[in-house]
Amino acid sequence: MLRIADKTFNSHLFTGTGKFASSQLMVEAIRASGSQLVTLAMKRVDLRQHNDAILMPLIEAGVTLLPNTSGAKTAEEAIFAAQLAREALGTHWLKLEIHPDARWLLPDPIETLKAAEALVKQGFVVLPYCGADPVLCKRLEEVGCAAVMPLGAPIGSNQGLETKAMLEIIIQQSTVPVVVDAGIGVPSHADAGAGNGRRCGTGQHRNCRGG
């Protein structure tokens, strides 16, 4: 069981919605994985209508949606995207992503902490995508984040847990769930991310499922 904020999940695996050939294949993959929490990039869906090709199948599948702010380059952009997502989807859950460099998609630690603190004060359940930095993860926890999502390796690299030493420190000091995100390319990477002590979950990123 995995408990984050006010929700409990049977699965420790997060899945996403990108790079599927069809919405049917996306839903089939999510169901086969057993995942109950699905990330959704707000920039890729039409928030004006719930019959969007990505959004509608997810609503029908009954999974918990975790909208993300992928594409935001600053705290201000991320906060604006979060507010739009809450209004359109009726959820206060959010995966916070801020990456100013479109090539490497590495999270901006300063802007992420700034946005996280503001969003928590606005009532969001914030799960920030961040570097495998124990100090930053602790600060994110202290400002009220419901979980932290440090990267295992650069997005799309398929390298697995390249940051394992730092992840172990993060896990040892954390009192909130730690979800390993990014760099996960094969099932064994996900198993390693979810199966060590208090590491509570694994988020498959763009190389596996899209963001």
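Taking the range 1-55, which residues are hydroxyl-bearing (Ser, Thr, Tyr) and more than 18 Å from the chain's Cα centre (by Cα)? Walk me through it before giving the result.
As a first pass, look at the range 1-55 and keep what is hydroxyl-bearing (Ser, Thr, Tyr): 8, 11, 15, 17, 22-23, 33, 35, 39.
Ser22, Ser23, listed by residue number.
Among all residue pairs at least 6 apart or on different chains, which show Cβ distances below 8 Å where the first residue, located in the range 105-130, is in contact (Cβ under 8 Å) with a residue 60 or more places away in the chain and the second is in a helix (DSSP H, G or I)?
As it stands, the answer is Tyr129/Thr112, since those pairs meet every condition given.
In the range 108-127, what residues are part of a loop (DSSP other than H, G, I, E, B) and surrounded by fewer than 24 Cβ atoms within 10 Å (Cβ to Cβ)?
So in the range 108-127, the residues part of a loop (DSSP other than H, G, I, E, B) come out as 108, 122-124.
Asp108, Gln122, Gly123, listed by residue number.
With farther than 27 Å from Thr175 by Cα and touching a residue at least 12 places away in the same chain (Cβ under 8 Å) as the only criterion, which of Ala5, Ala72, Ala32 stands out?
Going through Ala5, Ala72, Ala32 in turn, just one is farther than 27 Å from Thr175 by Cα and touching a residue at least 12 places away in the same chain (Cβ under 8 Å): Ala72.
Considering the range 139-163 alone, what residues qualify as being surrounded by fewer than 16 Cβ atoms within 10 Å (Cβ to Cβ) and touching a residue at least 24 places away in the same chain (Cβ under 8 Å)?
The answer is Gly144, Asn158.
Among the residues of the range 45-82, which ones are at pLDDT 90 or above and either part of a helix (DSSP H, G or I) or surrounded by fewer than 14 Cβ atoms within 10 Å (Cβ to Cβ) (or both)?
Ala75, Glu76, Glu77, Ala78, Ile79, Phe80, Ala81, Ala82
Within the range 83-95, take every residue that is in contact with a Pro (Cβ under 8 Å, 6 or more places away or on another chain) and in contact (Cβ under 8 Å) with a residue 40 or more places away in the chain and give me the one that is surrounded by the most Cβ atoms within 10 Å (Cβ to Cβ).
Ranking the qualifying residues of the range 83-95, first place goes to Lys95.
Hey, can you tell me all the residues within the range 3-23 that are more than 17 Å from Gly62 (Cα to Cα) and of a type in the set (A, V, I, L, M)?
Listed by number, the residues that qualify are Ile4, Ala5, Ala21.
The values are calculated or read from the model by the stated rules, or taken from the named source; none is laboratory data. Since the structure is predicted, the reported quantities are computational estimates derived from the model, not experimental observations. With ideal geometry, Cβ positions are generated from the backbone for all residues, glycine too; neighbour counts draw on all protein chains shown.
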